[in-house]
1. Go over the candidates Val237, Val256, Val266, Val233 one by one and state the one that is among the β-branched types (Val, Ile, Thr), over 16 Å from Ile15 (Cβ atoms) and under 23 Å from the mean Cα position of the chain (by Cα).
2. Can you tell me which residues in the stretch 118-144 are assigned to a loop (DSSP other than H, G, I, E, B) and within 22 Å of Val156 (Cβ to Cβ)?
3. Can you confirm whether Arg98 is at pLDDT 95 or above, of a type in the set (Lys, Arg) and part of a strand (DSSP E or B)?
4. For the stretch 101-154, what are the residues that are farther than 25 Å from Ser23 by Cβ and among the polar types (S, T, N, Q)?
5. So, in the stretch 12-29, exactly how many residues are open to solvent by 20 Å² or more (accessible area, probe 1.4 Å) and assigned to a helix (DSSP H, G or I)?
6. Of the residues Arg94, Arg170, Arg106, which is in contact with a Cys (Cβ under 8 Å, 6 or more places away or on another chain), open to solvent by 70 Å² or more (accessible area, probe 1.4 Å) and touching a residue at least 12 places away in the same chain (Cβ under 8 Å)?
7. Could you say which residue among Gly100, Gly135, Gly153 is within 27 Å of Asn2 (Cβ to Cβ), out of contact with any helix residue (DSSP H, G or I) (no Cβ under 6 Å at 6 or more places or on another chain) and small (Gly, Ala, Ser)?
8. Filter the stretch 235-248 down to the residues that are without any contact (Cβ under 8 Å) to a residue 60 or more places away in the chain and either hydroxyl-bearing (Ser, Thr, Tyr) or surrounded by 21 or more Cβ atoms within 10 Å (Cβ to Cβ) (or both) and list them by number.
Amino acid sequence: MNIVLTRLDRVGDLILSTPAIASVRRSWPQAHVTIACSAYNAVVVEGNPDVDAVAILPTGGSPTELGRSFRGRCDLAIALAPRAADFALVAATRAHVRVGYTYVRRYLARLTAGLYVTRLAVSEADPALCEKRPGYRVRPEVEQVLDLVTLAGGRVLVRDLVIAISGDDRRAVAAIPAGAIAFQLGARWLRDGSSIASTIALVERLRVFGVPIVVTYGDDAREGAAALRVAGVADLVVGDLTFAQWAAAFEKSRLVLTVDTGATHVASAVRRPTVVLFEHRFFHLSSQEWSPYRVPSVCLRKPATDASEDLAASRDEIVAAVGSLLQRT
């Protein structure tokens, strides 16, 4: 049996799909499993023990053309993302069983799904419903994607997030202090209810806990990282890590503090307690669907404005949340 899975979007979403990938492997242990990824998110499945092959869609490439390359040799195809690109790839395989999902209020997608897939799941996730209906519940994305495995006929479900970290990756971050607060500096710390000045003030306040502060960052936050280095408020500011090295750095930390980025899900994969600052808009959806998965966590909402008193109150909330999780570890 040949199985093709596809997830072409973000790093964090592919991490949240790794339990479904593992569940496919457990449900069809003799199958050949290929995961189609983008050039951007393929790092997530490097070394993944549950896939036999990784097919990378080049930047600007055609999902349909990649899907056609599996035609005649694909028995089951699953779109792990509710996106047009993934649906097009799955449809082009012409697998006998083609599975995907969409959201409850994407009515056009539901009407036209039969052109692409043979079995469709419908997620309850919807920003408007979350904001308008107090108590409206949305399951974690992991659980929604696992529904696809069941819909495809899978009978063995596992829920552990999977990131492959090698001994070389761990040795590469040996100089990073263990037991630290790992602060992931993403671009969202620098705008819309946060700022570089407020972030520097926050990192300085975290020193009250008496543990090392390690700031990690990527290309989206180089200027902010330079400002933090100049401020001297962290024990270490480190960038240019590979994906697996980044995960290894989180693995040796005591707690991860981040805004809403893939860092949230890397932290969950390595079982670290996590504090997440979500965007003010659509907080009720985001803090349910993309909250830290199966680890101790606190989800906080960014302020609606950049007013100094709002930023100060946000810093107070974050420090209190970090303190509460440190007491539990």
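1. Details: Val256 fails: over 16 Å from Ile15 (Cβ atoms); Val266 fails: over 16 Å from Ile15 (Cβ atoms); Val233 fails: under 23 Å from the mean Cα position of the chain (by Cα).
Selected residue: Val237, the only one of Val237, Val256, Val266, Val233 that is among the β-branched types (Val, Ile, Thr), over 16 Å from Ile15 (Cβ atoms) and under 23 Å from the mean Cα position of the chain (by Cα).
2. Residues satisfying the conditions are Thr118, Arg139, Pro140.
3. Yes; evaluated as a whole, the condition is true for this residue.
4. Passing the criteria: only Thr112.
5. Within the stretch 12-29, residues that are open to solvent by 20 Å² or more (accessible area, probe 1.4 Å) and assigned to a helix (DSSP H, G or I) number 3.
6. Arg94
7. Details: Gly100 fails: out of contact with any helix residue (DSSP H, G or I) (no Cβ under 6 Å at 6 or more places or on another chain); Gly135 fails: within 27 Å of Asn2 (Cβ to Cβ).
The match here is Gly153.
8. Correct list: Val237, Trp246.
The values are calculated or read from the model by the stated rules, or taken from the named source; none is laboratory data. Given the structure is predicted, the values throughout are model-derived calculations rather than measurements. Positions of Cβ are generated from backbone atoms using ideal geometry, with glycine treated the same way; all protein chains shown enter the neighbour counts. With ligands, DNA and RNA removed, areas are computed over all heavy atoms of the protein, side chains included. Shrake-Rupley method; radii C 1.70, N 1.55, O 1.52, S 1.80 Å.
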